[in-house]
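Notes to accompany the following structure.
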Amino acid sequence: MENEALWRPSADAVATAKLSSFIAAVNLRWQAGCSDYASLWRWSVASPEAFWRSLWDECRVLGECGASVVEDGDRMPGARWFPQARVNYAQNLLRRRDDADALVFWGEDKIRRRLSRGELYVQVSRCAQALKAAGVVQGDRVAAYLPNMPEALIAMLATAALGAIWSSASPDFGVQGVLDRFGQIEPKILLCVDGYWYNGKRVDCMAKNAEVAAQMPSVERTLVVSCLDDSPAVSSIRNGVRYIDFVAPYAAAEIEFVPLPFAHPLFIMFSSGTTGVPKCIVHCHGGALLQHLKEHQLHGDIRPDDRIFYFTTCGWMMWNWLVSALASGAVLLLYDGSPFVRGAGRPGTILFDYADAERMTHFGTSAKFIDAIAKSGLQPRQTHRLEHLRVMFSTGSPLAPESFDYVYREIKADLLLASISGGTDILSCFALGSPILPVYRGELQCRGLGMAVDVFDAEGRPIPAGLGERGELVCTAPFPAMPVGFWNDPDGAKYRAAYFERFPNVWCHGDFVELTTNEGMIIYGRSDAVLNPGGVRIGTGEIYRQVEQLPEVVESLVIGQEWARDQRVVLFVKLSEGMTLDEALVGRIRQQIRQNTTPRHVPAKVLQVADIPRTKSGKIVELAVRNVVHGRPVRNVEALANPEALEFFRARAELQY
């Protein structure tokens with residue numbers, strides 16, 4: 001049955017989209033002959049030099065482009081993008097210095113701050129001068145253990161301006177989780193916060209800060225940012241100084257942006273670390289900037305003075321993705337705290353309060369947040385105006401078809417719902433939204449421009465769109481946002497092993513996906529979590545989509561348990577408060593799955609748990625649970641937001657027969 005569109009852009013929206021003007025520009029410049037998104041995507045993949053040069057020009061990148069776009073463009077890894085270019089990421093984000101808003105910050109309902117573009121420039125200037133005076137030079141690392149607050153953005157831009165390398169983690173990480181990350185990259189400067197608000201409560205961080213600083217000998221200054229107190233005591237922290245005192249000696253001045261090679265390191269990101277010590281993934285100035293300009297302006301239709309929100313922490317790549325919107329002239333709407341703290345109405349409304357109060361045009365969140373407010377019965381369409389909201393982003397996990405329905409029914413009918421997917425590995429997306437395409441229920445609208453995304457079967461053969469077959473998400477050609485490598489991986493062996501061992505010279509991302517008749521994408525979960533009962537591959541998302549439609553089920557997690565020389569499907573469910581799993585509910589769960597999928601999908605066991613373990617960025621950890629069930633060790637539980645939840649899965653008697 002054909003999947004009906006839930007939303008179509010108006011003729012005016014298509015005509016005024018930046019993507020439409022980009023199509024006109026490449027047709028004029030290159031005689032590309034593009035008439036729609038599909039033809040533009042095909043041209044962008046077939047003509048990478050013309051596409052990426054056009055993107056540089058059309059997005060008005062500040063810097064020297066150089067004569068060559070790519071060298072060794074047939075090597076993956078090994079391609080060199082814009083090898084003669086000189087660019088600075090921070091300079092592109094700080095190109096405007098007027099009195100208009102640069103950012104707004106809400107710390108739950110306790111803190112409100114606002115900085116103009118001119119004020120942001122001044123703050124970055126002072127921080128950059130202070131870092132330089134403290135001995136920070138090109139290539140040094142600056143690490144931040146901070147909430148999503150203005151000082152995180154300011155210090156990141158100051159670091160990037162100098163050519164130093166930024167890395168961040170959120171203050172809800174435990175001490176070992178921070179050391180597992182920052183300890184590998186040996187930062188010269190550490191920023192931390194005295195505390196923060198979460199769900200209406202003060203959370204003090206000073207003891208953790210002292211312990212982290214004490215165990216990182218590379219740190220020469222520990223800068224304590226004030227959030228809860230105006231003048232936090234820093235005497236107990238090794239090399240501690242208040243951030244406000246650190247920058248105090250420096251007045252506003254022109255920022256000396258260091259012109260850097262395209263591939264100069266900008267960010268060190270970390271994998272989730274649930275299967276071992278986190279990988280340190282290095283991303284570069286040019287790649288991050290160019291890819292984010294493309295995704296924001298062409299895919300997200302972000303325009304100058306749009307007001308962009310994404311619910312994220314500094315420990316998730318979506319923070320880096322969000323703040324890059326300054327380069328497109330957008331205003332950043334930063335939020336730190338619980339999305340379920342009580343706003344003007346019920347829990348979950350505070351983000352919609354924010355949307356109304358600050359004229360939000362782009363609302364970014366996780367699929368889990370959308371599912372949670374749907375289950376709670378929230379109806380923002382009835383309680384909030386949302387008159388400026390044009391785009392809603394969702395990522396973190398697959399967005400269920402029913403969540404698409406909820407957004408259009410209960411949030412806003414005239415809205416581009418852009419379900420996007422990529423990862424920390426590329427600091428960006430393989431599949432995204434498009435302002436000139438319809439939105440189909442349960443589908444990501446399109447593959448990213450300039451990204452040779454395909455789906456391979458187990459033998460490495462492409463699976464054509466529209467066949468209904470699932471396979472591995474791959475990228476068959478290089479792109480500028482590929483990592484420049486892993487930290488402390490001099491011969492690149494770890495980097496190649498992570499992405500290129502499965503299919504030589506092809507990036508294998510590890511997602512189990514399908515290309516639809518609309519040339520959109522459906523994601524069924526991680527390939528390494530795919531179920532395999534009787535040799536039939538089943539994406540975990542296929543089961544979640546059915547189970548979580550039941551009102552009694554708050555959340556679920558499914559694994560394959562090794563059993564009788566095969567694998568059986570085991571489903572764990574977290575139920576609404578006060579509910580107990582009984583045979584009747586088990587029967588309804590199994591019936592829901594059987595009726596809407598296949599008998600192979602039906603779990604052999606359905607068990608209740610009090611909580612579902614997840615990473616700091618909200619992703620459930622199927623592999624960790626699978627290891628617990630099989631009595632194997634779980635490495636690096638510090639990567640989990642709620643590691644205690646693993647105990648609900650350990651030594652379950654029901655799984656012994």
**Gain in span if fully extended, residue 650 to residue 376, counting 0.36 nm per residue against the direct Cα distance** = 95.7 nm
**Message:** My understanding is that a pair violates if its Cα-Cα distance is over 29 Å; which of 494/605; 110/616; 201/412; 279/574; 375/605 do that in this structure?
**Reply:** 494/605; 201/412; 279/574
**Message:** Can you give me the distance in nm between label points at residue 113 and residue 359, each placed 7 Å from the Cα along the Cα-to-Cβ direction?
**Reply:** 2.3 nm
**Complete:** The base-10 log of I(q)/I(0) that the Debye equation returns for the range 315-431 at q = 0.09, 0.15, 0.23 Å⁻¹, one scatterer per C-alpha, is -0.23, -0.67, -1.61
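Calculate the FRET efficiency for residue 501 and residue 607 from the Cβ-Cβ distance with a Förster distance of 56 Å, rounded to the nearest 0.05.
0.95
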**Request:** Describe numerically, in nm with one decimal, the distance between label points set 7 Å from Cα along Cα→Cβ at residue 476 and at residue 563.
**Result:** 3.9 nm
**Fill in**
Sorted on mean Cβ neighbours within 10 Å (highest first), peptides 597-608, 122-133 come out as 122-133, 597-608
**Charge context of residue 70, other residues only, Cβ under 12 angstrom, K/R +1, D/E -1** = -1
**Asked** Where a Cα-Cα gap under 19 Å defines reach, which lysines qualify for residue 132, not counting those fewer than 8 residues away within the same chain?
**Response** 188
**Prompt:** Tell me, what is the FRET efficiency for residue 457 and residue 11 to the nearest 0.05, using R0 = 45 angstrom and their Cβ-Cβ distance as r?
**Reply:** 0.70
**Prompt:** Using a Förster distance of 51 Å, how high is the FRET efficiency between residue 388 and residue 57, based on the Cβ-Cβ distance and rounded to 0.05?
**Reply:** 0.95
**Request:** Send over the Kirkwood Rh of the chain, from the inverse of the averaged 1/r over different Cα pairs, rounded to one decimal Å.
**Result:** 25.5 Å
**Asked** If you average 1/r over all unlike Cα pairs in the range 510-553 and invert the result, what Kirkwood radius do you get in angstrom?
**Response** 11.5 Å
**Fill in**
quick shape note, the range 237-396: Cα extents on principal axes in Å, largest first -> 50, 38, 37
**Message:** Taking the solvent-accessible surface of protein heavy atoms with a 1.4 Å probe, what is the per residue accessible area of the range 335-409 in Å²?
**Reply:** 34 Å²
**Asked** At each listed q (0.14, 0.18, 0.22, 0.26 Å⁻¹), what is the log10 of I(q)/I(0) that the Debye formula gives for the range 156-218 modelled as equal alpha-carbon point scatterers?
**Response** -0.45, -0.70, -0.96, -1.17
**Prompt:** With contacts defined as alpha carbon pairs under 8 Å and 6 or more residues apart, what's the relative contact order of the chain in percent?
**Reply:** 13 percent
**Percent carbon-and-sulfur accessible area, the chain, ignoring ligands, DNA and RNA, probe 1.4 Å** = 49 percent
**Complete:** Once the in-chain neighbours fewer than 8 apart are removed, the aspartates and glutamates whose Cα is under 19 Å from residue 18 read 36, 57, 58, 295, 301, 305, 306, 414
**Prompt:** Over the range 118-183, what is the mean sequence separation of C-alpha contacts under 8 Å (at least six apart), divided by residue count, expressed as relative contact order in percent?
**Reply:** 37 percent
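With every protein chain present, what is the per residue accessible area of the range 460-565 (1.4 Å probe, Å²)?
With the other protein chains kept in place, the range 460-565 gives 40 Å² per residue.
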**Request:** Return a whole-number percent for the relative contact order of the range 584-657, with Cα pairs under 8 Å and 6 or more residues apart as the contact set.
**Result:** 29 percent
**Request:** Would you mind getting the accessible area per residue of the range 143-216, heavy atoms of the protein chains only, 1.4 Å probe, in Å²?
**Result:** 25 Å²
**Message:** I want to make sure I understand the PRE zone here: with the label point 7 angstrom from the Cα of residue 100 toward its beta carbon, which residues in the range 337-369 have backbone N atoms less than 11 Å away?
**Reply:** none
**At 0.890 mPa s and 25 °C, Stokes D of the range 86-234 from Kirkwood alpha-carbon radius, µm² per second** = 154 µm²/s
**Qualifying aspartates and glutamates (Cα of each under 15 Å from Cα of residue 208; at least 8 residues distant if same chain)** = 172, 180, 194, 638
**Fill in**
Inter-part gap, Cα centre of the range 395-414 to Cα centre of the range 238-270, in whole angstrom, is 40 Å
**Item:** Descending Cα extents along the principal axes, the range 579-619, whole Å
**Value:** 34, 23, 14
**Sequence ranges 167-173, 250-256, 225-231, ranked by mean other-Cβ count within 10 angstrom, highest first** = 167-173, 225-231, 250-256
**Item:** Spin-label proximity, residue 305 to the range 328-363 - amide N less than 12 Å from point 7 Å beyond Cα toward beta carbon
**Value:** 330-331
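The values are calculated or read from the model by the stated rules, or taken from the named source; none is laboratory data. All values reported here derive from a predicted model rather than from experimental measurement. Glycine gets a Cβ as well: all are built from the backbone with ideal geometry, and neighbour counts include every protein chain shown. Note: accessible area is taken over every heavy atom of the protein model, side chains too, but ligands, DNA and RNA are not part of it. Shrake-Rupley method; radii C 1.70, N 1.55, O 1.52, S 1.80 Å.
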